[in-house]
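Below is one structure, written out as structure tokens; the observations come after it.
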Amino acid sequence: MFENNAICKLLKIQYPIFQGGMAWIGTAELSSAVSNAGGLGLIGAGHMPPDILRKEILKCKSWTDKPFGVNIMLMSPFVKEVMQVVVEERVPVVTTGAGNPGEYVPALKEIGTKVIPVVASVALAKRLVKSGADAVIAEGCESGGHIGEISTMPLVPQVVDAVDVPVIAAGGFADSRGIVAAFALGASAIQMGTRFVLSKECIAHPNYKNLVLKAKDRSTVVTGRTTGHPARVIANKLTRTYLEMEAKGASVEELEKLGEGALHKATHGGDVENGSVMIGQISGMLDDIKSVKEIIDDIVNGIAPVVTNVQRNYV
Ligand code: TUI
């Protein structure tokens, strides 16, 4: 199975399933579990200082002998130092988010690290493939956290048509129907964040997971459109204040102050009213917490029945 899959071949992984590199949540516990289950686990560097990231990488290396990666959030004040850490630790795969990683690609490629940026547009996908990206993650605005403007359905096939490297589809994926749809759009793999938040291995606070379990299709909102950093989060007291302030024309500084530390407050403090619960729109479909292995096995085992169902519609 997956012998001809471009991403499985490129990264030497069993299944074409990435775990989104979520800040505070994509710890070594989650990323090593995903890699051990045959997918690609990613440590979410977020705003992590370099010494903490190194510890997470060392933990991940000690818990899995399978390939794993680090997701580098390009708006982090530590971006240069964390890039240095992934080079020193020879992390097999680096994904990037929230910016253009072009200047870092040569140093990573030189040591054989596969570089796979998240893109939210065709233009950036093309530019980064020219700079040497080994694959791209086309992430639609159904995703949680920092997002672009285009949804997954139109973004993925346009990126697939524009580049000659494998494409990983992200934004709105959580089950076998999703992975078959991604293959149909021309992607070689999927990336999931929200689904892995609802895993036994994810260390997020129980309040965070419970809010995600309760979420419905319209439970998320997008904050930060006026700051240039739109983010999808579950609607709560914080987002009501934030959106009201945005509507009244609050400055970027005022809004940034409100958002400071808000993600950690929710993921670790369990304050899901005043904290930021960054989750994708697919949360409305999810109502169980499973082990990472169950999540991945269920998706893989469900592919053939979905394909049979697809065929029923046109044969
Ligand atoms: O990066 C993400 N999702 C994120 S980053 C994040 S950061 C954070 N915020 C608060 C506390 C802690 C951490 C939360 N969620 N996804 C990948 C992604 N990248 N989505 C969209 C993009 C993107 C958007 C525009 C990438 C590049 C881009 O354009 C850059 C350019 O220069 O053209």
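The values are calculated or read from the model by the stated rules, or taken from the named source; none is laboratory data. In this text, all values refer to a predicted model and were calculated from it rather than measured experimentally. Here Cβ is always computed from backbone atoms with ideal geometry, including for glycine, and neighbour counts include all displayed protein chains. Please note that ligands, DNA and RNA were not included when accessible areas were found on the heavy atoms of the full protein model with its side chains. Shrake-Rupley method; radii C 1.70, N 1.55, O 1.52, S 1.80 Å.
Below are the figures for this structure:
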{"item": "Within the accessible area of the chain (1.4 Å probe), percent carbon and sulfur", "result": "54"}
{"item": "Cross-link partners of Lys237 among lysines (Cα-Cα below 26 Å; sequence separation of 8 or more within a chain)", "result": "Lys209, Lys214, Lys216, Lys248, Lys257, Lys265"}
{"item": "All lysines inside 19 Å of Lys55 as judged from Cα atoms, apart from same-chain residues fewer than 8 positions distant", "result": "Lys66, Lys80"}
{"item": "Nearest-10 value in Å² for the accessible area of Glu89, using the 1.4 Å probe", "result": "30"}
{"item": "Magnitude of the charge dipole, the chain, Cβ model with Lys/Arg +1 and Asp/Glu -1, debye to 20", "result": "260"}
{"item": "Solvent-accessible area per residue, Å², over the range 6-203 with all protein chains present [probe radius 1.4 Å]", "result": "36"}
{"item": "Overall form of the range 162-315 per C-alpha gyration tensor (a/c, 1.5; a/b vs b/c)", "result": "prolate"}
{"item": "GNM flexibility winner over the chain from Gly178, Gly41, Gly112 (Cα, springs under 10 Å)", "result": "Gly112"}
{"item": "HN-Hα J in Hz across the range 212-218 - Karplus 6.51, -1.76, 1.60, θ = phi - 60°, x for Gly and Pro", "result": "5, 4, 7, 4, 10, 4, 9"}
{"item": "Cα-based shape type of the chain, given that a ≥ b ≥ c are square roots of the gyration tensor eigenvalues and the cut on a/c is 1.5", "result": "rounded"}
{"item": "Cut-off under 5 Å, modelled amide H: who pairs with Thr95 long-range", "result": "Val70, Asn71, Ile72, Ile116"}
{"item": "Ranking by accessible area, most exposed first, for Tyr15, Tyr208 with a 1.4 Å probe", "result": "Tyr15, Tyr208"}
{"item": "Built amide H within the under 5 Å cut-off of Phe18, gap 5+", "result": "Leu40, Ile190, Gln191, Met192"}
{"item": "HN-Hα J in Hz across the range 226-240 - Karplus 6.51, -1.76, 1.60, θ = phi - 60°, x for Gly and Pro", "result": "7, 9, x, 10, x, 9, 8, 9, 6, 5, 7, 4, 4, 5, 5"}
{"item": "Packing-based order for 252-262, 125-135, using average beta carbon neighbours within 10 Å, highest first", "result": "125-135, 252-262"}
{"item": "Where Lys12, Lys55, Lys290 fall by accessible area, highest first, once all protein chains stay in place (1.4 Å)", "result": "Lys12, Lys55, Lys290"}
{"item": "Shape of the range 170-231, Cα gyration tensor, a/c cut at 1.5", "result": "oblate"}
